[in-house]
Amino acid sequence: MDDARYRELVRKDLAHWVHPLSHPSDHQEPLLYERGEGIYLYGHDGQRYIDGLSSLWNVAVGHGRRELAEAAARQMERLAFNSSYVGSSNEPAIELAAKLVELAYDNMQAVFFGTSGADSNETSFKTARFYWAMKGRPGKVKVISRVEGYHGTTLACMSATGMSMYYPNFEPRVHEIVPAASVEPMPSGGARIDPGNNNVDNIAETIEREGPETVAAVIAEPVQGGGGVHPPPPDYFRQLREVCDRYEVLLIADEVITGFGRTGRWFALEHFGVLPDLMSVSKAITSAYMPLGASVWSREVFETITGADPSVKFMHGYTNSGHAVAAAVALRNLAIIEEEGLVENAAARGEQLLNGLMLLGENRYVGNVRGLGFMCGLDLLQDPENDVPFDEEMRMGVRLRNACQRRGLITRIRGDSFVLAPPLVATAEEVDAILTIVEEGVKEVTGNL
């Protein structure tokens, strides 16, 4: 792209596009992506970049898949859209609902479609309330969320997201969404808290404090993604399931990031042998080729809600629920994941990536290397002996991200946590290339310390 065209596009961008999670100062010299192929993105600058976070954890089968474009085109020619409201349906959405139930946990029965992870969580929140109302317990309306969990930025989902940076100028939060107990991340320079643990006792104490008769559900990511990639201890979800059962509270698994093979299983709670009551999914369901999300319901939830008197309707919906084109793309995307063994590849390549990052732990400023499947993270530490991160003003995470980008790797940071989640189609050679770039970047930013 020539410089004049680039400058004109940037001018229009600044004048007319309000970008998510940003200020116009962040977009003075943006990288414009022109195309993608496999695990690579190509920028206006002519450089090829490895998409080290699957864009936003979502491009599972890689960029430029003609099969998905063809699936969309075929469905658009036949039926682009129909309302799925009262008495209306379409074949792709029906088949996709059945396929999701086939792939999901053994206790799952049915699906409510939306367009994103946030509206999938909104649906799960409302479903939990409706379920308890049908059980004759309409006072059970609250949702307990966890520190550093990310669930979206709609008002209810923002309230469930345990990251304070999302709150300013949007408060008050929804008061029926309650953060678990007293654990809060320490200010910069203090001892690092692993938010993936989110002590189960704190959640139990929060339910007790609020009153179990008022609590509808607990929401949790099986592996916290936006918070910096934090896998839980092996027995964490078994204990959380026991707490939910003890207090008669539904467990919502937010698998928007972890679903569809990211952790080396189709869904991440399979690692821990735990069944949720509701599951929210999106992102890799279409590999982001079309917007689509879903709230997946257990048999108990489904039968309780649909078994109500016909006068009691589930009055919740989105215009694009059950969108025929999105469903057709999702079906082809899931078929690619199965045909190419991408769940198994994610497990193998994730192990390779984690082992390679572990070797970086020989650098004393690298610590807390962690991961599950094809999502991994590490921290940059100012005080390795006491596990203390760098002061925010040193911007070490930003420096590492920028050092990697100059070498052709795009990824994301959370403070001084550096995270990776490449497309599931990545090869062993491509993972080695990622590791080489990260190693060089770490040496650059820590070499003068």
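Structural remarks
- Other-chain or far-sequence residues with amide H under 5 Å of TYR40's (modelled H): ASP51, HIS63
- Shape analysis of the chain yields a ratio of the Cα radius of gyration to the Kirkwood radius, Rg/Rh, of 0.96.
- Phi to ³J(HN,Hα) by Karplus 6.51 cos²θ - 1.76 cosθ + 1.60 over segment 267-276, Hz, x for Gly, Pro: 9, 6, 5, 4, 4, 10, x, 10, 10, x
- √(5λ) per eigenvalue of the Cα gyration tensor, segment 363-441, largest first, Å: 22, 14, 11
- Taking the Cα centre of segment 1-154 as reference, the dipole from Cβ charges on Lys and Arg (+1) and Asp and Glu (-1) amounts to some 880 debye.
- Residue (of TYR289, ASN345, HIS271) at the positive-pole extreme of segment 253-366, dipole from beta-carbon charges: TYR289
- Rg/Rh ratio calculated on Cα atoms of segment 195-337 (Kirkwood radius): 1.00
- Packing here is the average count of other Cβ atoms within 10 Å per residue, and on that basis the peptides 11-20, 314-323, highest first, run 314-323, 11-20.
- Most to least packed among 412-424, 92-104, 72-84, 152-164 [average Cβ atoms within 10 Å]: 412-424, 152-164, 92-104, 72-84
- Dipole of the chain computed with +1 at Lys/Arg Cβ and -1 at Asp/Glu Cβ about the Cα centre; of GLY415, GLY356, PRO168, farthest Cα towards the positive end is PRO168.
- When each of the peptides 400-407, 271-278 is scored by the mean number of other C-beta atoms lying within 10 Å of its residues, the order from highest to lowest reads 271-278, 400-407.
- Debye log10 I(q)/I(0) for segment 46-171, one point scatterer per Cα, at q = 0.12 Å⁻¹: -0.74
- The portion of the accessible surface of segment 64-155 made up by carbon and sulfur, rounded to a whole percent, is 53 (1.4 Å probe; DNA, RNA and ligands excluded).
- When only alpha carbons are used to place a centre, segment 322-375 and segment 258-299 end up 14 Å from one another.
- MRE, 222 nm, helices only [DSSP H, n ≥ 4, -39500 (n - 2.57), over the chain, to nearest 500]: -11500 deg cm²/dmol
- Here the ratio of the Cα radius of gyration of segment 255-308 to 2.2 N^0.38 Å is 1.27.
- Normalised alpha carbon radius of gyration of segment 1-117 [divisor 2.2 N^0.38 Å]: 1.45
- Between the amide H of VAL388 and those of GLN382, ASP383, distances stay under 5 Å, these residues lying 5 or more places away or on another chain, with hydrogens modeled in the peptide plane.
- Cα centre as origin, Lys/Arg/Asp/Glu Cβ charges: the chain dipole, Debye: 920
- Residues of type aspartates and glutamates that LYS140 reaches as a straight line, Cα spacing below 15 Å, ignoring anything fewer than 8 places off in the same chain: GLU176, GLU208, GLU210, GLU213, ASP245, GLU248
- Neighbour cut-off at most 10 other Cβ (10 Å), DSSP loop, chymotrypsin sites (Phe, Trp or Tyr not before Pro), segment 349-411: none
- Over all Cα atoms in segment 100-153, the spread is summed up by Rg and Dmax: 13.1, 33 Å.
- Fraction of antiparallel bridges per DSSP, the chain only, in percent to nearest 5: 70
- Taking amide H as placed 1.01 Å from N in the peptide plane, the amide H of LEU250 sits under 5 Å from that of ALA217, VAL218, each at least 5 places away or on another chain.
- The Stokes-Einstein estimate for segment 301-449, based on a Kirkwood radius over Cα pairs and taken at 10 °C with 1.306 mPa s viscosity, is a diffusion coefficient of 87 µm²/s.
- Applying the Karplus relation 6.51 cos²θ - 1.76 cosθ + 1.60 with θ = phi - 60° to segment 35-46 yields 3J(HN,Hα) values of 6, x, 8, x, 8, 10, 10, 10, x, 4, 7, x Hz, where x marks Gly and Pro.
- The 3J(HN,Hα) values that the Karplus relation (6.51, -1.76, 1.60; θ = phi - 60°) gives for segment 113-127 are, in residue order, 8, x, 10, 7, x, 5, 6, 5, 5, 4, 4, 5, 4, 5, 4 Hz. Gly and Pro appear as x.
- Highest-fluctuation residue, MET108, MET394, MET358 considered, GNM on the chain with Cα pairs under 10 Å: MET394
The values are calculated or read from the model by the stated rules, or taken from the named source; none is laboratory data. Quantities reported herein were computed from a predicted structural model and do not represent experimental measurements. Heads up, the Cβs are rebuilt from the backbone with ideal geometry, glycines too, and the neighbour counts pull from every protein chain shown. Side chains are part of the model used for accessible areas, which takes the heavy atoms of the whole protein and leaves out ligands, DNA and RNA. Shrake-Rupley method; radii C 1.70, N 1.55, O 1.52, S 1.80 Å.
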